[in-house]
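Notes follow the structure.
Only the coordinates and a few stated rules stand behind these numbers; no lab work does. What you see is a predicted model, and the numbers here were worked out from it, not measured in a lab. Cβ placement follows ideal geometry from the backbone for every residue including glycine, while neighbour counts extend to all protein chains displayed.
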Amino acid sequence: MPLDLTPLERAAETAGLAGLRARVVPHDRRRAWWFRWDQGELRVSERVLDLCPPAEASALLVDSIVLRRRMARVWTTSIVALLVLTAVSIWAQSAGSWVARPAFVALGCAVVGHFVRAGRARIQADDEAVRLLGDPVPLVRGFNLMNHEELRVGPWRSKARPDLHRRAERLARLHRLREAPEPNERLRAARARVLHDA
């Protein structure tokens with residue numbers, strides 16, 4: 001029986017990409033992507049479907065779409081700023097102007113600023129995805145399920161997305177998902193009280 005990918009197609013529509021047709025593609029261990037889309041097609045890595053139930057996979061897709069949109073803006077502004085500052089730096093250096101040193105400092109600041117804005121874009125994308133989904137739980141669960149993904153190139157291995165745990169923790173704190181103790185924690189607390197009273 002073929003896999004039902006309509007929840008992912010609906011999730012893409014929720015994030016502003018209507019009309020995509022989803023299909024499963026083999027997992028690529030050398031790349032950290034879970035979803036790709038272009039020209040009406042949504043390609044879903046089979047690894048996401050192996051690890052995540054439909055609600056969590058849909059939440060990850062919404063987050064990926066929003067994040068890609070925000071990162072495109074970050075990259076556009078960074079490239080423009082770097083090109084302008086590089087041109088000014090080269091001109092000032094060749095002209096022997098006093099502007100050369102401040103221009104090179106500004107160029108370094110622009111590089112640092114890119115990484116700061118990229119980190120902020122991830123946070124904003126997570127928040128926007130939660131607003132679109134109406135519930136943070138599937139996204140937090142999805143991050144936690146995919147947190148163990150590895151990139152493998154020959155003998156070299158590393159975490160595919162090392163930022164996922166921090167992002168899941170932030171959402172859990174922000175939306176107070178851990179205020180009620182887990183059932184096992186309640187049981188442990190009850191046992192501790194019984195042992196203490198005895």
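Numbers for the structure displayed
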item	result
Cα lying deepest toward the dipole's positive end in the chain, options ILE90, VAL80, HIS148, charges on Cβ	ILE90
Point-to-point label distance, ARG176-VAL25, nm (Cα→Cβ direction, 7 Å offset)	4.3
Residue-wise HN-Hα coupling along the range 71-80, computed from phi with Karplus coefficients 6.51, -1.76, 1.60 (Hz; x: Gly, Pro)	5, 4, 5, 4, 5, 4, 5, 5, 5, 4
Euclidean distance between Cα centres, the range 109-162 to the range 1-60, Å	17
Mean separation of Cα contacts under 8 Å, 6 or more apart, over the residue count of the range 53-197: relative contact order %	24
Leading residue at positive end of dipole, the chain (Cβ point charges), from ALA121, VAL99, HIS27	VAL99
Computed FRET value (nearest 0.05) for ASP4 with VAL111, which takes r as the C-beta separation and R₀ as 35 Å	0.20
Full-extension gain in nm, ILE90 to HIS148, via 0.36 nm per residue minus C-alpha separation	16.4 nm
Nonlocal amide H pairs with TRP37, under 5 Å, H built at 1.01 Å	ARG43
DSSP beta bridges in the chain [antiparallel fraction, %, rounded to 5]	60
On Cα atoms only, tilt of 183-197 relative to the major axis of the chain in degrees	60
Charge dipole magnitude, Cβ of K and R +1, D and E -1 - the range 53-197, Cα centre, debye nearest 20	180
Chymotrypsin sites (Phe, Trp or Tyr not before Pro) restricted to the range 14-76 and DSSP loop, no more than 15 other C-beta within 10 Å	TRP33
Residue of PRO162, PRO54, PRO136 that the Gaussian network model of the chain assigns the largest fluctuation, springs spanning Cα pairs under 10 Å	PRO162
